[in-house]
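Below is one structure, written out as structure tokens; comments come after it.
The values are calculated or read from the model by the stated rules, or taken from the named source; none is laboratory data. All of these numbers come straight from a predicted model, not from anything done at the bench. Neighbour counts are summed over all protein chains in view; Cβ atoms, including those assigned to glycine, are modelled from backbone coordinates with ideal geometry. In case anyone asks, the SASA skips ligands and DNA or RNA and just uses the protein heavy atoms, side chains included. Shrake-Rupley method; radii C 1.70, N 1.55, O 1.52, S 1.80 Å.
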Amino acid sequence: MDNESLAAAFGGQFDLIVVGSGIAGQVTALSAAERGLTVLLLEKTDRVGGSSAMSGGWFAFSGTDEQAAAGVHDSDSQFYDDLLSVGNQENDVALVRAFLDEQQNTYRWLKSHGAEFGELSISSGQTISRSHLTPIGPLLSKLQNRFVEVGGDIRLGHQVIRLTRDSEGQVCGVIVDLPDGQYEFRAHVGVVLATGGFSRGTDLLKIFAPEQLAAMPYGAKGNTGDGLRMAWKLGAGLADMSHINGSYGSHPDTNEDFHELLTAYYLGAIVVNKEARRFTDESQDYKTLGTAVLRQPGGIGIQIFDSRVRAMSRPGVPLKDIDALENIGHVHRAETLGALAGEVNIPTQELEDTVDRYNEVVRGDRSDDMGRTRLCNGVGHLLPIDAPPYFAYPARTLLTTTYCGITINPQGLVTDVNGEVIDGLFAVGEVTGGFHGAAYMTGTSLGKGAVFGRIIARTAASLIH
Ligand SMILES: Cc1cc2nc3c(=O)[nH]c(=O)nc-3n(C[C@H](O)[C@H](O)[C@H](O)COP(=O)(O)OP(=O)(O)OC[C@H]3O[C@@H](n4cnc5c(N)ncnc54)[C@H](O)[C@@H]3O)c2cc1C
């Protein structure tokens, strides 16, 4: 169907137009379609999925079957405390509460729509195992297929360039730029911006986070900040803009086809710079580490560990798969620290001294110069680095995401600079700000995209009836 007949088939307009086909857009579109709304999903690039399709597939949920099976006692209040702690108490608590109210329902909804949560793990920003892993590609395909089954329409290669408003100021449609001209699609409930972040948006990064231009740009190709600009133009508020941080640690040769990020430091590794010196507390969340590593010579941090940590590798599990990274030659191995230093071209004596001092901390003979007392975010006992062979993984900071953006209320409606709702305009996922505050907990970006997507579908359905 061409664009004119597509719009005509729906009486010239849809109930809801969703812009962007990552987890946030897909969950919103499908949930709304399942509620009986006519929904058009527009995607700028020639493939669905955005950064969601490139992601590790970790979702943070509490009170799950997997936690119960593993004997992990989590609660909404602990989840709340962790979110505010990692967010430095700067989170919009109304959004955090809305998320917590819906997260268990969303977890079950995702399971009923094809999520297969297997691995359960403690990760960045968590004081308890709360990250649930599902193969993300298959999940996105199932959501997409189901959306089409229930009558939804997806259009690839459709970049939305402008929002339109009716005479009363309500957002009522979008303008799409196509090779044969510009088309308007209209929606009587409204438009949902699910356009992701702006990790590829150099001009916006220059304004909001110039120091991050030194990080390796990553994330989906289409994530240049279009949604943020369109909402900004209508007066939308912005939140968390000063908290853009790359994630540490990806090998300098990582690429879009094979994304690698290793967090051996949460298992017991230390991180040293090119001078073989530690420079920060490695138990902090990996975005805080990302900024610390950007300030080091050459923007490199080298993870140093021994055979104890190496034995904790989890093949196939993102962030922990040391085997795969050793197989492709990105993890270096040597029988002595001196030989390892030679492998990665850092000073031998300094590395030996650094590891000696760290081992004294682990033995309790001294306090740590960097303030590290735990493995990860306040939990886990430090391990000595003294069981050869030794390993090194040189890694950089990668700008995968920008966890900041448009302000929304707990119903998912965009609010303006004065906190008032912009009628007809919703936003969901990485394009929004406020939920994370100063920093992100692993699994809460896919999580919030899904949770608020379902909330928006409910809000939109209530506005139609
Ligand atoms: C390598 C990597 C690993 C990650 N791992 C995890 C993880 O394990 N857990 C977690 O919670 N988070 C993770 N994240 C972060 C998470 O994946 C993203 O924050 C999240 O997927 C964003 O979802 P989204 O739907 O908001 O945006 P996206 O998935 O990025 O989708 C946005 C879509 O909007 C499209 N778009 C943009 N502008 C327009 C326009 N004008 N018109 C039409 N379409 C447009 C884009 O092309 C894109 O397809 C990871 C990110 C990366 C890069």
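Quick check, is Gly298 surrounded by fewer than 21 Cβ atoms within 10 Å (Cβ to Cβ), assigned by TED's automatic domain parsing to the domain that holds Gly20 and more than 22 Å from the chain's Cα centre (by Cα)?
Working: surrounded by fewer than 21 Cβ atoms within 10 Å (Cβ to Cβ): yes; assigned by TED's automatic domain parsing to the domain that holds Gly20: no; more than 22 Å from the chain's Cα centre (by Cα): yes.
For Gly298, the condition - surrounded by fewer than 21 Cβ atoms within 10 Å (Cβ to Cβ), assigned by TED's automatic domain parsing to the domain that holds Gly20 and more than 22 Å from the chain's Cα centre (by Cα) - is not met.
Hey, among the residues in the stretch 231-248 that are open to solvent by less than 10 Å² (accessible area, probe 1.4 Å) and touching a Phe, Trp or Tyr at 6+ places or on another chain (Cβ under 7 Å), which one's farthest from Asn91 (Cα to Cα)? It would help to see each step written out before you state the result.
Let us first name the residues in the stretch 231-248 that are open to solvent by less than 10 Å² (accessible area, probe 1.4 Å), namely 231, 236-237, 244, 246-248.
With the extra rule that they be touching a Phe, Trp or Tyr at 6+ places or on another chain (Cβ under 7 Å), the set shrinks to 244, 247-248.
Values: Ile244: 14, Ser247: 20, Tyr248: 22 Å.
The extreme case among them is Tyr248.
Considering only the stretch 289-391, give the helices (runs of 4 or more DSSP H) lying wholly within it that have at least 2 residues that are at negative phi and of a type in the set (A, V, I, L, M). Don't jump to the end; show me each part of the working.
Details: elements: 307-310, 322-327, 337-343, 348-363.
So the answer is 322-327, 337-343, 348-363.
Name the residue, out of His188, His251, His259, that is within 16 Å of the ligand (Cβ to nearest atom), open to solvent by 50 Å² or more (accessible area, probe 1.4 Å), touching a residue at least 12 places away in the same chain (Cβ under 8 Å) and of a type outside the set (D, E, K, R). Outline the logic, then answer.
Numbers: His188 fails: within 16 Å of the ligand (Cβ to nearest atom); His251 fails: open to solvent by 50 Å² or more (accessible area, probe 1.4 Å).
Being within 16 Å of the ligand (Cβ to nearest atom), open to solvent by 50 Å² or more (accessible area, probe 1.4 Å), touching a residue at least 12 places away in the same chain (Cβ under 8 Å) and of a type outside the set (D, E, K, R) holds for just one of His188, His251, His259, which is His259.
Being open to solvent by less than 10 Å² (accessible area, probe 1.4 Å), within 15 Å of Ser51 (Cα to Cα) and among the polar types (S, T, N, Q) narrows it down to one residue among Thr432, Thr401; which is it? Reasoning before the result, please.
Values: Thr401 fails: open to solvent by less than 10 Å² (accessible area, probe 1.4 Å).
Exactly one residue qualifies, and that residue is Thr432.
On the given criteria, is Asp321 surrounded by 20 or more Cβ atoms within 10 Å (Cβ to Cβ) and among the acidic types (Asp, Glu)? Break it down into steps so the answer makes sense when it comes.
Details: surrounded by 20 or more Cβ atoms within 10 Å (Cβ to Cβ): no; among the acidic types (Asp, Glu): yes.
It is false that Asp321 is surrounded by 20 or more Cβ atoms within 10 Å (Cβ to Cβ) and among the acidic types (Asp, Glu).
I'd like the residue in the stretch 191-202 that is hydroxyl-bearing (Ser, Thr, Tyr) and touching a residue at least 24 places away in the same chain (Cβ under 8 Å) and, out of all such residues, is farthest from the ligand (Cβ to nearest atom).
Residues of the stretch 191-202 that are hydroxyl-bearing (Ser, Thr, Tyr), as a first pass: 195, 199, 202.
This time we only want the ones that are touching a residue at least 24 places away in the same chain (Cβ under 8 Å), so: 195, 199.
Details: Thr195: 4, Ser199: 7 Å.
The extreme case among them is Ser199.
I want to confirm something. Restricting to the stretch 204-228 and keeping residues that are of a type in the set (D, E, K, R) and either part of a strand (DSSP E or B) or touching a residue at least 12 places away in the same chain (Cβ under 8 Å) (or both), which single residue is least open to solvent (accessible area, probe 1.4 Å)?
Of the residues in the stretch 204-228, the ones of a type in the set (D, E, K, R) are 206, 211, 221, 226.
Retained after the next criterion (residues that are either part of a strand (DSSP E or B) or touching a residue at least 12 places away in the same chain (Cβ under 8 Å) (or both)): 211, 221, 226.
On the way: Glu211: 101, Lys221: 132, Asp226: 32 Å².
Filtering first and then ranking leaves Asp226.
Quick test for you: out of Leu375, Leu383, pick the one residue that is in contact with a His (Cβ under 8 Å, 6 or more places away or on another chain) and outside the structural domain of Thr28 (by TED's automatic domain parsing).
Details: Leu383 fails: in contact with a His (Cβ under 8 Å, 6 or more places away or on another chain).
Exactly one residue qualifies, and that residue is Leu375.
Please work out if Leu156 is surrounded by 14 or more Cβ atoms within 10 Å (Cβ to Cβ), in contact (Cβ under 8 Å) with a residue 60 or more places away in the chain and within 12 Å of the ligand (Cβ to nearest atom). Quick ask: steps written out before the conclusion?
Details: surrounded by 14 or more Cβ atoms within 10 Å (Cβ to Cβ): no; in contact (Cβ under 8 Å) with a residue 60 or more places away in the chain: yes; within 12 Å of the ligand (Cβ to nearest atom): yes.
So Leu156 does not fit the description; no.
Can you work out which of the residues in the stretch 229-266 that are aliphatic (A, V, I, L, M) and not in a strand (DSSP E or B) is farthest from the chain's Cα centre (by Cα)?
Applying the filter and picking the extreme gives Leu234.
Looking for something surrounded by fewer than 24 Cβ atoms within 10 Å (Cβ to Cβ), outside any strand (DSSP E or B) and within 16 Å of the ligand (Cβ to nearest atom) - is there at least one such residue anywhere in the stretch 408-418?
For the stretch 408-418, residues surrounded by fewer than 24 Cβ atoms within 10 Å (Cβ to Cβ), outside any strand (DSSP E or B) and within 16 Å of the ligand (Cβ to nearest atom): absent.
Go through (1) under 30 Å from Phe208 (Cα atoms); (2) small (Gly, Ala, Ser); (3) open to solvent by 10 Å² or more (accessible area, probe 1.4 Å) one by one and return the number of the condition Ser313 breaks.
Failing condition for Ser313: (1).
Could we say that Asp15 is within 22 Å of Leu139 (Cβ to Cβ) and at pLDDT 95 or above here? Talk me through it step by step, then tell me what you get.
On the way: within 22 Å of Leu139 (Cβ to Cβ): no; at pLDDT 95 or above: yes.
So Asp15 fails the test.
Taking Thr373 as the residue in question, decide whether it is in contact with a Gly (Cβ under 7 Å, 6 or more places away or on another chain) and either away from the ligand (no atom under 14 Å from the Cβ) or at pLDDT below 95 (or both).
Working: in contact with a Gly (Cβ under 7 Å, 6 or more places away or on another chain): no; either away from the ligand (no atom under 14 Å from the Cβ) or at pLDDT below 95 (or both): yes.
No; evaluated as a whole, the condition is false for this residue.
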